Amino acid sequence: SNSVDSAAMNHLASVCSGRSSTIHLKKIDLRHCSMNGEQEAKPLASIVASAHLTSLILDGNIGFGNLGLSAFAAALPEECTSMTRFSVADCRLEPGCAVALGQLVHKLPKLDELHLEYNSLRNSDVEVLLEELSSHHLQHLHLSKNQLDDGALDSLRRFLSARRPLFLSVCRSLFCSFGQAGAVPPCYIYIHSNRMSEAVLDGIAHQRLCSNDRVYD
């Protein structure tokens, strides 16, 4: 938990991109660093590209928000094939970030793990995101503690039915009938702290046991 400003990010970007640089970063963890998304987004994207990062964690930077995500996605070069993990949990992403999310995952074709929990994404944002992710080989998708409800179920089912395996986390959302209207495709699902009845949970568990998969509630 330190403070990282744009000057520090620009300096790190110049060091990483220098021809004589001996720094070989693979992972950067900037959790709770009081980042102002717009100001640090461009040098951060430069670091991702020049250092061929595999993992970038920005959790808890509440100043990042939609503007930071948009600026970062726009500054990323096409086809950043090294990045496999990107995490912006608790970064105050709000409704309307779908375009930036779509642009981001389009530029990260090898993305394996995406953390978006503890934000304010709504059904429409997730629908656009899942459409863009349909051509990815994503293995972990974390959407817990967002503003999702049963309106997102159709999009989630279509997405899940096209891939296996997948770890999906949707804890602490507003789902009441996940798995009630039609079978949930096989995957690993964390769904605890939703508003589902005991009968619905029993139904999901039965589906998973029959297909040798797991549900955690």
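Every number in this text was worked out from the coordinates using simple rules, so none of it is lab data. If you're wondering where the values come from, they're calculated on a predicted model, not measured in any experiment. Heads up, the Cβs are rebuilt from the backbone with ideal geometry, glycines too, and the neighbour counts pull from every protein chain shown.
The residues packed around Val48, meaning those with a beta-carbon under 13 Å from its beta-carbon, carry a net charge of +3 if Lys and Arg are +1 and Asp and Glu are -1.
This model, with +1 at the C-beta of Lys and Arg and -1 at the C-beta of Asp and Glu, gives the stretch 1-157 a dipole about its Cα centre of some 620 debye. Sparsely packed loop sites in the stretch 45-154 (the trypsin sites (Lys or Arg not before Pro) outside DSSP H, G, I, E and B with at most 15 other Cβ atoms within 10 Å) comprise Lys110. Counting charges near Ala13 (Lys, Arg +1; Asp, Glu -1) among other residues having Cβ under 10 Å from its Cβ returns a value of 0. Using 0.36 nm per residue and subtracting the Cα-Cα separation, the extra length available between Ser82 and Glu94 on full extension is 1.6 nm. Legend: calculated FRET efficiency, Asp29 to Ser134, from the Cβ-Cβ distance at R0 = 30 Å, rounded to 0.05, equals 0.55. Among the GluC sites (Glu not before Pro) in the stretch 61-127, those placed in a DSSP loop whose Cβ has at most 12 other Cβ atoms within 10 Å are Glu78, Glu79. Counting only residues at least eight positions apart within a chain, or on another chain, the lysines with an alpha carbon under 27 Å from that of Lys26 are Lys42, Lys107, Lys110.
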